[in-house]
Amino acid sequence: MAKDLKVSVLLDFYGQMLTPTQREVTESYYYDDLSLAEISEERGITRQGVRDAIKRSEKELSDMEDRLGLVKRFRETELALTRICDDALAIKKANGGANSEIDKLVSDIIGTTAALVESQE
């Protein structure tokens, strides 16, 4: 079973919506990088039981994203904020220090977008 980074992201967003067992098994597999056999031994269930729990979790996480779209919206917001910062820096460069008010506004825009990016992480 190949590990998919997408599932780790979905787990960050929707992990609390899984059952505690599903979440713990899936976190052990994706976050702690434990093998199915290691999780099986640790939890006292079969390797197939671990695999089934992870597969169910992956499907539920994917279904939640299909319904709610939080990851998609997060990425779109992140991209928009990056574009805003890039445009602000282009304005500052074009201004070349000629207008201190423009430089201040650009700094404010960059500071605000940076704070928004940090608050999303």
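The values are calculated or read from the model by the stated rules, or taken from the named source; none is laboratory data. The structure presented is a predicted model; accordingly, all values stated were derived computationally and were not measured. Positions of Cβ are generated from backbone atoms using ideal geometry, with glycine treated the same way; all protein chains shown enter the neighbour counts. What goes into the accessible areas is simple: the full protein's heavy atoms, side chains included, and nothing from ligands, DNA or RNA. Shrake-Rupley method; radii C 1.70, N 1.55, O 1.52, S 1.80 Å.
Scanning the range 95-104 for residues that are open to solvent by less than 70 Å² (accessible area, probe 1.4 Å) and assigned to a helix (DSSP H, G or I) returns Asn95, Ile102, Asp103. If you go through the range 34-54 and keep only what is free of Cβ contacts under 8 Å to residues at least 12 places away in the same chain and within 22 Å of the chain's Cα centre (by Cα), you end up with just Leu34. Taking the range 1-66 as the region of interest, the helices (runs of 4 or more DSSP H) fully inside it that hold 2 or more residues being within 23 Å of Gln120 (Cα to Cα) are 5-14, 20-30.
Name the residue that is farthest from Ile109 (Cα to Cα), counting only residues in the range 26-85 that are among the acidic types (Asp, Glu) and open to solvent by 100 Å² or more (accessible area, probe 1.4 Å). Only one residue tops the list, namely Glu41.
For Lys92, the criteria (1) modelled with pLDDT of 95 or more; (2) open to solvent by 80 Å² or more (accessible area, probe 1.4 Å) hold in every case but one, which is (1). Assess whether Ile84 counts as being under 24 Å from the mean Cα position of the chain (by Cα), of a type in the set (Val, Ile, Thr) and part of a helix (DSSP H, G or I). Here the answer is yes, as Ile84 does meet what is asked. Residue pairs whose Cβ atoms lie under 9 Å apart, separated by 6 or more positions or on different chains, with the first residue in the range 81-108 and of a type in the set (S, T, N, Q) and the second open to solvent by less than 90 Å² (accessible area, probe 1.4 Å), are Thr82/Thr113; Thr82/Val117; Asn95/Ile102; Asn95/Asp103; Asn95/Val106; Ser107/Ala88; Ser107/Lys92.
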